[in-house]
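Each remark here refers to the structure printed beneath this line.
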Amino acid sequence: MERRRIPISTIVFTLIMFMMIFSSFLETSPLVFLIGLTVVVLAIFILARRQGGLPFQRTPPDYFRPPTSPLTSLEIPRLGRWIILPIAIVSVIAFILFQNWWLNVTILQSMYDLKAGLDWWNIQFLHNAYFNACTGIGLLIALSDPRISVTRDVEGARKIYLHSKFLGVVRVLRSQVNRFTMENILTLRTEGLAYDDKVSLKLGLAWKLLAFLVGAFIIGPPIAQGFALQYLLVVRWMETQQISWIGLLQRTSSILWTRLFTADTPTGAWLIANSPVLELLTWLKTPVSIFCVIWGLRLGVSLVFGFLKGNVAKILRSIVLIGLAALTPFLLQVPTTVFDITTPFYVRSMVIGEVTLIILALFFSLRESWVQKSVSYIFRRKLILTAIVLLVSISLLSGPVIVAFQYAPAMEGNWKNWVWTPKYLPTVEYTKWATGLD
């Protein structure tokens, strides 16, 4: 029986790995690290290419080799090679980057402790609130689409599916590539185009894990520190004022109602008294914006495939929901925005637009399930539908029209009463209080 020898490439790979690991602890040139990483990538590629089996060797005439069963073959499928290869490369790079990062953290922690007696870790990462913020952002991105579909196959077995717009696009593009021919090189073949964002439970969980990792390690770190600091400021104020989260949310709802539906001009004292609530609204802007951007991209995908399939209801629904996702973060930040005499007119138009989009979104989303026949009849009547569109359009345009014809021509002559007093004077008072200049 022939003895299997260890490939020389495996030995080289092991030596280079040890060289790269020790080079991060020693003061060696970065060129060593780069060369080592390059050789590791090449070694992994060569090993993956040679996993198909041992080379064929001619056997002696008097020896009969039994046929090898395909079920016992050790050959890795071609798709598995392309999955293992990037995972190995990413794992090596991630290990080395984490190692270097941890070395820098250890040096800074020791230096600050010895020279000033400070805990650098808790100061830099806000008593681990920074990592909690990164985790929260990753969970928000991974769980932003919680839809679950449960169906039964022909045999009665229950199957659970998750949803992913991105994987649905990949599936469609793969089917188009498979059907690609030279005759229709400039034409997108939409016949038989079946877009479905349902994926299997295993693939869906793997995709959500990848989305969590991207959110926690790539998207989260640049914004997590400010996000965590704002949260700690709000919690600290709640502790000093002895107010609960329910009480804080009630105050926030009251301020949102006041600034969105009334024309009251805030004073400097009002801004100072409600500064924690304004801080909470600023803190909420980050997760709300991330959620709306993610869903805006998903709805954009639905809009594109709605156009390709000619589904008018799906096109209108996607447009309405995209407008709703774009307008919501702006309305959430209205209480933290400075007002002049014309700002309430624009805010009212935005509120009317938000309410209109919500009603339309509910109609287009639920029209096939439990919308009453009378409501469907109203939307089928052209006269009634035209009247509704005209009323909504007049309501949306009334604010800008009033500003353009009533306030804009006289703005220069009334600048003090219309701009300085409502807009800049409260801002000056609030800035003096925040900076301690009083």
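The values are calculated or read from the model by the stated rules, or taken from the named source; none is laboratory data. Quick caveat: nothing in here was measured; it's all calculated off a predicted structure. Here the Cβ positions follow ideal geometry from the backbone for every residue, glycine too, while neighbour counts run over all protein chains shown.
Condition check ((1) on the phi > 0 side of the Ramachandran plot; (2) out of contact with any Lys or Arg (no Cβ under 8 Å at 6 or more places or on another chain); (3) modelled with pLDDT of 85 or more) across all residues:
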site: GLY117; (1), (2), (3): yes, yes, yes
site: PHE125; (1), (2), (3): no, yes, yes
site: ALA129; (1), (2), (3): no, yes, yes
site: SER149; (1), (2), (3): no, no, yes
site: ALA157; (1), (2), (3): no, yes, no
site: VAL169; (1), (2), (3): no, yes, no
site: MET182; (1), (2), (3): no, yes, no
site: GLY192; (1), (2), (3): yes, yes, no
site: GLY204; (1), (2), (3): no, yes, yes
message = Can you say whether VAL293 is in contact with a helix residue (DSSP H, G or I) (Cβ under 6 Å, 6 or more places away or on another chain), closer than 30 Å to ASP340 by Cα and modelled with pLDDT of 90 or more, as far as the supplied structure shows?
response = no
query = Name the pairs whose Cβ atoms lie under 9 Å apart, with the first residue in segment 264-293 and closer than 17 Å to ILE219 by Cα, the second outside any helix (DSSP H, G or I), and 6 or more positions between them or separate chains?
reply = LYS285/GLN333; ILE290/SER144; PHE291/SER144
Flag for ARG174 being in a helix (DSSP H, G or I) and either at pLDDT below 80 or at negative phi (or both) = yes
request  = Evaluate the following for THR282: is it modelled with pLDDT of 90 or more and in the same structural domain as THR336 (by TED's automatic domain parsing)?
outcome  = yes
inquiry  = Yes or no: segment 327-337 includes at least one residue that is under 17 Å from the mean Cα position of the chain (by Cα) and either farther than 30 Å from CYS134 by Cβ or surrounded by 16 or more Cβ atoms within 10 Å (Cβ to Cβ) (or both).
reply    = yes
query = What are the residue pairs meeting all of these: first residue in segment 95-109, first residue outside the structural domain of PRO221 (by TED's automatic domain parsing), second residue of a type in the set (Gly, Ala, Ser), Cβ atoms under 9 Å, and 6 or more apart or on different chains?
reply = ILE96/SER24; GLN99/SER24; ASN100/SER24; LEU103/SER24
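Per-residue answers, yes or no, for (1) under 37 Å from the mean Cα position of the chain (by Cα); (2) surrounded by 12 or more Cβ atoms within 10 Å (Cβ to Cβ); (3) of a type in the set (A, V, I, L, M, F, W, C):
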| position | (1), (2), (3) |
| --- | --- |
| PHE405 | no, no, yes |
| GLY413 | no, no, no |
| VAL419 | no, yes, yes |
| TYR424 | yes, yes, no |
| THR427 | yes, yes, no |
ask   = Given the conditions (1) touching a helix residue (DSSP H, G or I) at 6+ places or on another chain (Cβ under 9 Å); (2) among the aliphatic types (A, V, I, L, M); (3) in a helix (DSSP H, G or I), which single one is not true for VAL419?
value = (1)
ask   = Does segment 212-244 hold any residues that are in contact with a Phe, Trp or Tyr (Cβ under 9 Å, 6 or more places away or on another chain) and more than 18 Å from PHE125 (Cβ to Cβ), and which are they?
value = VAL234, MET238, ILE243
request  = Please indicate, with yes or no, whether at least one residue in segment 290-312 is in contact with a Phe, Trp or Tyr (Cβ under 6 Å, 6 or more places away or on another chain), part of a helix (DSSP H, G or I) and not basic (Lys, Arg).
outcome  = yes
